[in-house]
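Since the structure comes first, as structure tokens, the remarks are kept for the end.
The values are calculated or read from the model by the stated rules, or taken from the named source; none is laboratory data. Not measured: the values here are computed from a predicted model. Heads up, the Cβs are rebuilt from the backbone with ideal geometry, glycines too, and the neighbour counts pull from every protein chain shown.
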Amino acid sequence: MQAENLRNVAIIAHVDHGKTSLVDVMLKQSGVYRANEQIIERVMDSNDLEKERGITILSKNTAVTWNDVKINIVDTPGHADFGGEVERVLKMVDGVLLVVDAFEGPMPQTKFVLRKALELNLKPIVVINKIDRPEARPYEVVDEVLELFIQLDANDDQLDFPVVYTSARQGIAGYEPNELEKDLTPMFDTILKYIPAPESDVESPLQMLVTTLDYDDYLGKIALGRIVRGTLTANSHVALIKRDGTIEKVKIVKLFTFQGLNRIDTAETYAGEIVAISGIPKINIGETIASLEHPEALPTIDIDEPTLSMTFMINTSPFAGTEGKHVTSRKIRERLFKEIETNVSLRVEETDSTDAFQVSGRGELHLSILIETMRREGFELQVSKPEVILKEIDGKKCEPYELLTCDVPETSMGTIIELLGSRKAEMLNMITLTGGITRLEFLIPARGLIGFRNDFLTETRGEGIMSHVFDSYKPYRGEIQGRSRGVLVSSDPGESTAYALFQLQDRGTMFIAPGVKVYEGMIVGENNREQDIDLNVARKKQLSNMRTSAADEALRLNTPRQLTLEKALEYINDDEYVEITPLSIRLRKKHLDKNSRVKSERRRALGGK
């Protein structure tokens, strides 16, 4: 039996192709908002980091009603680092809207999310978005999407996908690029026609797979998932089947379904519906809610393994404890182990030291979002350089490879190819796009991407666009040259002065302005040469009746380079840390004392021999 008045659909796409904007318009046109209600742009990107960066990090659920049919919509992240979120939520739906930019066409993450959807045998609808872009090439993009489907071994039914052309910004859609209607009616009609209604076996014993976790200050932990079969009732006792097969008797206190942006308190709901439940504090992702009489577990969720790891440590700099609330290893440990309850792509391991933890994730962005979140919660910590996770396959040392796509101006093409060649990248394809832009596709070791974004933006003068997605593990390619320049290291504690910075700025690029507190071993800039240099940025001008402080007003300082968290993580070498506090991001040497650094270098050189 099918629930004909229900559809479950996920919206998948590459980052920045317009998924969240499309959901905004769907909510607006389906009557979710009152006529006088203030509408927030990208309403589904609800946390602060999502709003600031303009990306979706966590999958969200909403629901709209169209022609008396309820459509549950799941908005998914578009960035490869949050692919674990996409893999889980696809288990809840029967079809997907694959949103593709009418100019850019299929990108690496399009391939990644589509592969996951096709593996689960979901029905795809292709939505060509941003049709109003001046350089839009809709028919070419549809052909590219078809090629991608063939490349991913789609079956005949999946290859016969319907296509809808939209402009999410204008809220219009149509079956042809030049015949758009005044609203999204064609897209809603296509969803009802092609996305199959969910199977609704209400007579069989209850089964529900937990795919996402949320938290509420009043209700505690909230579990989201789809009821596969049976009926679920609020205030009822059910069996919770853990991943290891053990069974616990638990009570569902509250039961919610989705309507618009709200969770609706419900007494009872049936198979096929996506629901949220509260009242089970120890519930985790991948566990099954089942009937007490016939507890049967559903297959657990397989998530791709992490590819990048770094060490999180307590802050040991001279400024430790001056800017943050949570500074102890106990607090950091609690926070990290709490994170892995909801962030299933993350791994946290204890190390030999009680003050350090090995944290592994799907990429730099995945880990940096965690660090930024902790920083905003008042944590102080320091982290090491990201390292790729190596594996031994058939007796060979293997490393993760990424599929990299770069859209670059033709003038920068040679430089970018040369730059990637030195990072062991292998070119797969080159496509000429309109407007003097060339698309380059490479297969590159994940190590080669660490620190590449800075060089890429510099060489393309900020005009280049790059994106990458995990491809596979392949044999280790050998050493890759890291940073080509040394750093400027503070030799004395104090406060940086304009006088000292003016005298030293010819040595390289400064990372700090005058009036910044520094300590010995703190990195204050980048050297123009390969070696590290220790220098005193806190040196003051000796005043006398002949030389007055008023002369400082004439000093012209170069603008210091501002390092964001991601840039800082990419920048550091093996012998350096990033120090993170709620107020500051600082770079420092592992050994703050110069003599300790010299001894460490000597030991490393001898060990190398």
Task: Test result for VAL164, in a helix (DSSP H, G or I) and in contact with a strand residue (DSSP E or B) (Cβ under 6 Å, 6 or more places away or on another chain) - done: no
Open item on the list: Within segment 347-377, take every residue that is assigned to a loop (DSSP other than H, G, I, E, B) and either without any contact (Cβ under 8 Å) to a residue 12 or more places away in the chain or more than 12 Å from the chain's Cα centre (by Cα) (or both) and give me the one that is surrounded by the fewest Cβ atoms within 10 Å (Cβ to Cβ).
Closed with: ASP352
- [ ] Give ARG362, ARG375, ARG423 a once-over and let me know the one that is charged (D, E, K, R), modelled with pLDDT under 90 and farther than 19 Å from PRO475 by Cβ.
- [x] ARG362
Task: Hits in segment 187-207 (condition: of a type in the set (A, V, I, L, M) and closer than 17 Å to TYR270 by Cα) - done: ALA197, VAL202, LEU206
TODO: Residue by residue through segment 460-484, note down the ones that are in contact with a Gly (Cβ under 9 Å, 6 or more places away or on another chain) and β-branched (Val, Ile, Thr).
DONE: VAL469, ILE480
Task: Answer from ASP101, ASP75, ASP24 - the residue that is more than 17 Å from the chain's Cα centre (by Cα), among the acidic types (Asp, Glu), under 30 Å from TYR139 (Cα atoms) and at pLDDT below 85 - done: ASP24
- [ ] Scan the strands (runs of 3 or more DSSP E) fully inside segment 184-275 and keep the ones with 1 or more residues being surrounded by fewer than 17 Cβ atoms within 10 Å (Cβ to Cβ), touching a helix residue (DSSP H, G or I) at 6+ places or on another chain (Cβ under 9 Å) and aromatic (Phe, Trp, Tyr).
- [x] 207-216
Open item on the list: Just to be sure before I move on: is ASP471 in the same structural domain as ILE444 (by TED's automatic domain parsing) and either surrounded by fewer than 16 Cβ atoms within 10 Å (Cβ to Cβ) or not small (Gly, Ala, Ser) (or both) in the structure I sent?
Closed with: yes
Task: Check on THR56, at pLDDT below 80, buried (at least 24 other Cβ atoms within 10 Å of the Cβ) and touching a Pro at 6+ places or on another chain (Cβ under 6 Å) - done: yes
Open item on the list: Which count do you get for residues in segment 95-111 that are within 20 Å of LEU159 (Cβ to Cβ) and surrounded by 22 or more Cβ atoms within 10 Å (Cβ to Cβ)?
Closed with: 8
Open item on the list: Of the residues GLY462, GLY435, GLY448, only one is outside the structural domain of VAL518 (by TED's automatic domain parsing) and surrounded by 14 or more Cβ atoms within 10 Å (Cβ to Cβ); which?
Closed with: GLY448
TODO: Go through the residues of segment 87-98 one by one and say whether even a single one is closer than 20 Å to GLU441 by Cβ and touching a strand residue (DSSP E or B) at 6+ places or on another chain (Cβ under 6 Å).
DONE: yes
Open item on the list: Please pick out the residue among THR351, THR257, THR328, THR269 that is farther than 30 Å from LEU232 by Cα and out of contact with any Phe, Trp or Tyr (no Cβ under 7 Å at 6 or more places or on another chain).
Closed with: THR328
Open item on the list: Consider segment 219-241. How many of its residues are over 23 Å from LEU90 (Cβ atoms) and either under 28 Å from the mean Cα position of the chain (by Cα) or among the β-branched types (Val, Ile, Thr) (or both)?
Closed with: 5
- [ ] Being free of Cβ contacts under 8 Å to residues at least 12 places away in the same chain and closer than 17 Å to THR211 by Cα is the filter here, so list the residues in segment 232-281 that pass it.
- [x] ASP244
TODO: Output the residues belonging to segment 115-132 that are part of a strand (DSSP E or B) and free of Cβ contacts under 8 Å to residues at least 60 places away in the same chain.
DONE: PRO124, VAL126, ILE128
